[in-house]
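A.B. asks: The structure's right below; bear with me while I get my questions together.
The values are calculated or read from the model by the stated rules, or taken from the named source; none is laboratory data. Because the structure is a prediction, the values reported are computed rather than measured. Note: ideal-geometry Cβ built from the backbone for every residue, glycine included; neighbour counts use all protein chains shown. With ligands, DNA and RNA removed, areas are computed over all heavy atoms of the protein, side chains included. Shrake-Rupley method; radii C 1.70, N 1.55, O 1.52, S 1.80 Å.
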Amino acid sequence: MRKLLLLFFAAISVVAFGQNQINVQSGNFDFLKDQSEVNVQLIFDNAVYQEKNLTEAQYLENRKADITSKKSEAVWENWMSQWEKFKASEYLDYFLKGINGKSKKVIFKGDAKTKYTLIIDAKWIYAGWYGGMIGSQEAKLTADMKFVETDNPSNVVMKLQADKIGGKQMNKEFAWEYGRIAAAYEVTGKKLGKEIKEVIK
């Protein structure tokens, strides 16, 4: 029985260790050593949400029902416009803020003409919750990340995975889902930037 318990806790430790970090799946950062800028592209087409792995449409349907019943249609319309705005630009801006704060040798940008592009393909997003004085649950992001040649995207030079990266409370929109998710993108950027900084000196 004791051996079984030890094995159980060891297994839990291994699982926990793999989460909330960037895991390299193939390649290395050597290709960045002669680069000064990298383009970044975010993809949401393959993302599922929450513990139940809802599609975005299902998630939004649930949120609409919740917000309109507790607040109003006007609040929902504002929420939805913010949701689209964050997907279109804010998540990228937060990621860039995070990575460029760590990676000083290589600057990451959106819509840049560069040799390499970093594609961040969101796979699972947990929106967390906000309870004011009671406390909050941070958002989490799992995403496949790959560096490709911009002019030949089929040529993948490096693959990584962001595994359940938690977003700390660090922006004024944290009370809403999109603010918490933005924080997860910022922390993902910080973690990746730190990895790059250790190699590109």
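A.B. asks: Per DSSP H run of n ≥ 4, the term is -39500 (n - 2.57); total these for the chain, divide by its residue number, and report the mean residue ellipticity at 222 nm rounded to 500 deg cm²/dmol.
C.D. replies: -13000 deg cm²/dmol
A.B. asks: Follow-up. Going by amide H atoms built from the backbone, whose H comes under 5 Å of the H on residue 107, apart from near neighbours?
C.D. replies: Placed amide hydrogens put 37, 38 under 5 Å from residue 107.
A.B. asks: Hey, another quick one. With a probe of 1.4 Å, find how much accessible area region 80-201 has per residue, and write the answer as a whole number in Å².
C.D. replies: On a per-residue basis, 46 Å².
A.B. asks: With θ taken as phi - 60° and the coefficients 6.51, -1.76 and 1.60, list the Karplus ³J(HN,Hα) couplings across region 121-133 in order, rounded to whole Hz; mark glycine and proline as x.
C.D. replies: Ordered by residue, 3J(HN,Hα) equals 9, 5, 10, 8, 10, 10, 7, x, 8, 10, x, x, 5 Hz.
A.B. asks: What chymotrypsin sites (Phe, Trp or Tyr not before Pro) in region 40-121 are in a loop by DSSP, with at most 16 other Cβ atoms within 10 Å of the Cβ?
C.D. replies: 44
A.B. asks: Under the Karplus relation 6.51 cos²θ - 1.76 cosθ + 1.60, θ = phi - 60°, what is the ordered set of whole-Hz ³J(HN,Hα) values for region 151-164, x standing for Gly and Pro?
C.D. replies: 7, 9, x, 6, 8, 8, 9, 7, 10, 9, 9, 8, 10, 6
A.B. asks: Quick one: which residues, 5+ away or cross-chain, put their amide H under 5 Å from the amide H of residue 128? H built at 1.01 Å from N.
C.D. replies: Placed amide hydrogens put 140 under 5 Å from residue 128.
A.B. asks: Would you mind calculating the relative contact order of region 141-201 from Cα pairs under 8 angstrom and at least 6 residues apart, reporting the percent as a whole number?
C.D. replies: Result for region 141-201 is 26 percent.
A.B. asks: Please give the charge dipole size of the chain, origin at the Cα centre, charges +1 on K and R Cβ atoms and -1 on D and E Cβ atoms. Round to the nearest 20 debye.
C.D. replies: Roughly 860 debye for the chain.
A.B. asks: Pairs of Cα atoms under 8 Å, at least six residues apart: use those to get the relative contact order of the chain, whole percent.
C.D. replies: The value is 30 percent.
A.B. asks: Here is a follow-up. Strictly over 21 Å apart at the Cα level, which of 115/191; 168/190; 64/85 would you flag in this model?
C.D. replies: 115/191
A.B. asks: Can you list the aspartates and glutamates whose alpha carbon sits under 20 Å from that of residue 97, skipping same-chain ones fewer than 8 residues off?
C.D. replies: Straight-distance partners of residue 97: 37, 84, 111, 121, 138, 144, 163, 173, 177, 186, 195, 198.
A.B. asks: Express as a percent, rounded to the nearest 5, the fraction of DSSP beta bridges in the chain (both residues included) that run antiparallel.
C.D. replies: 70
A.B. asks: If you don't mind, another one. In the structure displayed, which of 105/140; 52/197; 105/146 lie more than 26 Å apart, Cα to Cα?
C.D. replies: Beyond 26 Å: 105/140; 52/197.
A.B. asks: List the residues, sorted by chain then number, that are 5 or more residues from residue 48 or on another chain and whose placed amide H is less than 5 Å from its amide H.
C.D. replies: Amide H to amide H, under 5 Å and 5 or more residues apart or across chains, residue 48 pairs with 124, 125.
A.B. asks: Please give the charge dipole size of region 98-201, origin at the Cα centre, charges +1 on K and R Cβ atoms and -1 on D and E Cβ atoms. Round to the nearest 20 debye.
C.D. replies: 480
A.B. asks: Can you run phi through the Karplus equation (6.51, -1.76, 1.60; θ = phi - 60°) for region 176-192 and list ³J(HN,Hα) in whole Hz, with x for Gly and Pro?
C.D. replies: The phi angles translate into 10, 3, 5, x, 5, 5, 4, 5, 5, 5, 5, 5, 4, x, 4, 5, 5 Hz.
A.B. asks: Heavy-atom accessible area of residue 199 with all protein chains present, probe 1.4 Å, nearest 10 Å²?
C.D. replies: That residue has around 60 Å² of solvent-accessible surface.
A.B. asks: How many percent of all Cα-Cα pairs in region 55-201 sit more than 28 Å apart?
C.D. replies: 24
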